[in-house]
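Enquirer: One structure, pasted below without further comment.
Here, each number is a calculation from the coordinates, and none is a lab measurement. What you are looking at is a predicted structure, and each value in this text was computed from that prediction instead of being measured. FYI the Cβ positions are ideal-geometry reconstructions off the backbone, even for glycines, and counts take in every protein chain you see.
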């Protein structure tokens with residue numbers, strides 16, 4: 001198994017997407033990219049710790065590649081908005097790829113440059129690519145959030161449309177038996 005770490009806004013939204021990918025064994029919401037050890041959700045959402053809300057994804061590279069994970073990452077959030085995803089505003093919602101090794105670093109930089117040059121977005125991509133220094137798991141109540149709180153308004157109005165779009169675009173990459 002290998003690991004990938006991405007931040008694309010609210011981790012409740014991004015977790016729900018990556019959990020459905022074939023080859024993904026585990027998705028853990030957490031914090032990375034900041035300067036404080038063991039931050040809490042309250043501290044991170046204050047915008048003062050430097051952390052982003054991120055996912056640490058454990059995946060089987062024989063089933064899904066890092067390149068495919070990058071494709072899903074850049075297609076399921078807006079990488080052109082600085083410190084913002086929709087109504088979620090602050091540095092904790094920034095777009096960030098935290099690489100675990102040189103190969104991930106090279107692939108992320110290459111994908112970012114090619115995507116930016118392609119003109120796929122009307123504005124420049126602001127995603128940063130940085131080495132993962134430390135990953136801090138979020139509190140238990142943040143884990144598997146959409147699957148356990150799908151009835152709540154935020155899930156219904158913000159997360160569900162994102163998941164529905166993902167399911168249409170990436171139907172061929174979903175786990176067998178996942179909702180389609």
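Enquirer: What residue among 165, 42, 110 has the largest mean-square fluctuation in a Gaussian network model of the chain, using Cα springs under 10 Å?
Expert: With Cα springs under 10 Å in the chain, the top fluctuation among 165, 42, 110 is at 42.
Enquirer: Rounded, prolate or oblate: pick one for the stretch 73-141, where a ≥ b ≥ c are the square roots of the eigenvalues of its C-alpha gyration tensor, a/c under 1.5 means rounded, and failing that, prolate if a/b is larger than b/c, else oblate.
Expert: oblate
Enquirer: For residue 106 and residue 1, what does the FRET efficiency come to when R0 = 30 Å and r is the distance between their Cβ atoms, rounded to the nearest 0.05?
Expert: The calculated FRET efficiency here is 0.90.
Enquirer: So, one more: With r as the distance between the Cβ atoms of residue 117 and residue 171 and R0 = 45 Å, compute the FRET efficiency 1/(1 + (r/R0)^6) and round to 0.05.
Expert: 0.95
Enquirer: Tell me whether the stretch 5-74 comes out rounded, prolate or oblate; compute the Cα gyration tensor, take square roots of the eigenvalues as a ≥ b ≥ c, and use a/c under 1.5 as the rounded threshold. Mind dumping the intermediate values first?
Expert: Working: a/c = 2.48, a/b = 2.36, b/c = 1.05.
Since a/c reaches 1.5 and a/b is larger than b/c, the shape of the stretch 5-74 is classed as prolate.
Enquirer: Within the stretch 69-104, name every residue whose backbone N is under 20 Å away from a label modeled 7 Å from Cα of residue 157 along the Cβ vector.
Expert: 78, 84-90
Enquirer: Where in the stretch 104-144 does the label zone of residue 80 land, with the point 7 angstrom along Cα→C-beta and an amide N cut-off under 14 Å?
Expert: Counting only backbone N, you get 115-127.
Enquirer: Starting from the Cα gyration tensor of the stretch 136-177, take the square roots of the eigenvalues, sort them a ≥ b ≥ c, and report rounded, prolate or oblate (rounded when a/c is under 1.5, otherwise prolate if a/b is larger than b/c, else oblate).
Expert: Because a/c hits 1.5 or more and a/b fails to exceed b/c, the stretch 136-177 counts as oblate.
Enquirer: Which whole-angstrom value gives the distance between the alpha carbon centres of the stretch 123-180 and the stretch 1-57?
Expert: The distance from the Cα centre of the stretch 123-180 to that of the stretch 1-57 comes to 10 Å.
Enquirer: Go ahead and estimate [θ] at 222 nm for the chain from helices alone: -39,500 (n - 2.57) per DSSP H run with n ≥ 4, summed, over the residue count, rounded to 500.
Expert: -8500 deg cm²/dmol, from helical runs alone.
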